[in-house]
């Protein structure tokens, strides 16, 4: 691998949700279920993917069944059977093709890692995504790691897996709270909005494609 453009940055660490994969379809479908239940739009999404139960399941502290019972056990029977597929917080979402292409271009010059707050179901999802096959040198999923961003421990884990110091890595993540902690630890960090702006930000750091 070449390191000519930036001798300090040797790896790019990608978030999954909202970066490599879209986050629109699930919100739209859950909003439709909110209407069925007579709830304000966004209620189910908030119940499922924020709060203590979500944090517990996404660090492996509780099972998927316990998480489901805590979050939507009171309404599960009122919705279609396939509603349970939303135990996977990326259910129904598609890869962002432009970001995937960007990552593969980076792969020619840098080591790549995936660092995601997710349930253990993400491991199965990744095994089915042929476009990601061989893309990452390291994959760290919060439910399997026992910690989630922005906990500094999970940043240390991914850097240890890469065998690199913080300042040799750049994080691409759509959450400000995650990039903020990354920078405090010594990483470079980019707040992702779309492939084009992320590429510009990476080029500004001296990365080559």
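Of all residues in segment 160-175, which are in contact with a strand residue (DSSP E or B) (Cβ under 6 Å, 6 or more places away or on another chain) and without any contact (Cβ under 8 Å) to a residue 60 or more places away in the chain?
161
From the list 34, 74, which one is farther than 23 Å from residue 158 by Cα, not in a helix (DSSP H, G or I) and not assigned by TED's automatic domain parsing to the domain that holds residue 183?
Values: 34 fails: not in a helix (DSSP H, G or I).
Only one candidate qualifies: 74.
Could you please let me know if residue 139 is touching a helix residue (DSSP H, G or I) at 6+ places or on another chain (Cβ under 9 Å), buried (at least 19 other Cβ atoms within 10 Å of the Cβ) and either part of a loop (DSSP other than H, G, I, E, B) or at pLDDT below 95 (or both)?
Spelling it out, it is not the case that residue 139 is touching a helix residue (DSSP H, G or I) at 6+ places or on another chain (Cβ under 9 Å), buried (at least 19 other Cβ atoms within 10 Å of the Cβ) and either part of a loop (DSSP other than H, G, I, E, B) or at pLDDT below 95 (or both).
Tell me the residue from 193, 153 that is in a helix (DSSP H, G or I) and either closer than 25 Å to residue 122 by Cα or at pLDDT 95 or above (or both), please.
One residue alone meets the criteria, 153.
If the requirement is being within 30 Å of residue 205 (Cα to Cα) and exposed (fewer than 14 other Cβ atoms within 10 Å of the Cβ), which of these qualifies: 82, 24, 109? Spell out how you get there, then give the answer.
Details: 82 fails: within 30 Å of residue 205 (Cα to Cα); 109 fails: exposed (fewer than 14 other Cβ atoms within 10 Å of the Cβ).
Step by step, each of 82, 24, 109 is checked, and only 24 is within 30 Å of residue 205 (Cα to Cα) and exposed (fewer than 14 other Cβ atoms within 10 Å of the Cβ).
Could you tell me which numbered condition residue 98 fails, if it satisfies all but one of (1) under 30 Å from residue 168 (Cβ atoms); (2) crowded, with 19+ Cβ neighbours inside 10 Å?
Unmet for residue 98, out of (1) under 30 Å from residue 168 (Cβ atoms); (2) crowded, with 19+ Cβ neighbours inside 10 Å: (2).
Go over the candidates 98, 53 one by one and state the one that is in contact (Cβ under 8 Å) with a residue 12 or more places away in the chain, assigned by TED's automatic domain parsing to the domain that holds residue 194 and touching a helix residue (DSSP H, G or I) at 6+ places or on another chain (Cβ under 7 Å).
Details: 53 fails: assigned by TED's automatic domain parsing to the domain that holds residue 194.
Selected residue: 98, the only one of 98, 53 that is in contact (Cβ under 8 Å) with a residue 12 or more places away in the chain, assigned by TED's automatic domain parsing to the domain that holds residue 194 and touching a helix residue (DSSP H, G or I) at 6+ places or on another chain (Cβ under 7 Å).
Of everything in segment 121-144, what is in contact (Cβ under 8 Å) with a residue 24 or more places away in the chain, within 16 Å of residue 157 (Cβ to Cβ) and within 15 Å of the chain's Cα centre (by Cα)? Give them in sequence order.
Scanning segment 121-144 gives 122, 136, 138, 139, 140, 141, 142, 143, 144.
Criterion first (closer than 14 Å to residue 12 by Cβ, out of contact with any helix residue (DSSP H, G or I) (no Cβ under 6 Å at 6 or more places or on another chain) and modelled with pLDDT of 95 or more) does residue 162 satisfy it?
Working: closer than 14 Å to residue 12 by Cβ: yes; out of contact with any helix residue (DSSP H, G or I) (no Cβ under 6 Å at 6 or more places or on another chain): yes; modelled with pLDDT of 95 or more: yes.
Yes.
Out of all the residues in segment 98-110, is one or more more than 26 Å from residue 139 (Cα to Cα), out of contact with any strand residue (DSSP E or B) (no Cβ under 6 Å at 6 or more places or on another chain) and part of a loop (DSSP other than H, G, I, E, B)?
In the first step, residues of segment 98-110 are kept if they are more than 26 Å from residue 139 (Cα to Cα); the result is none.
Within segment 98-110, none of the residues are more than 26 Å from residue 139 (Cα to Cα), out of contact with any strand residue (DSSP E or B) (no Cβ under 6 Å at 6 or more places or on another chain) and part of a loop (DSSP other than H, G, I, E, B).
For every residue, the table says whether it meets (1) farther than 30 Å from residue 169 by Cβ; (2) touching a helix residue (DSSP H, G or I) at 6+ places or on another chain (Cβ under 7 Å).
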site	(1), (2)
70	yes, yes
81	yes, no
88	no, yes
104	no, no
107	no, no
116	no, yes
120	no, yes
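The values are calculated or read from the model by the stated rules, or taken from the named source; none is laboratory data. On a predicted model such as this, the values are computed, not experimentally measured, just so you know. We place every Cβ from the backbone using ideal geometry, glycine too, and count neighbours over all the protein chains shown.
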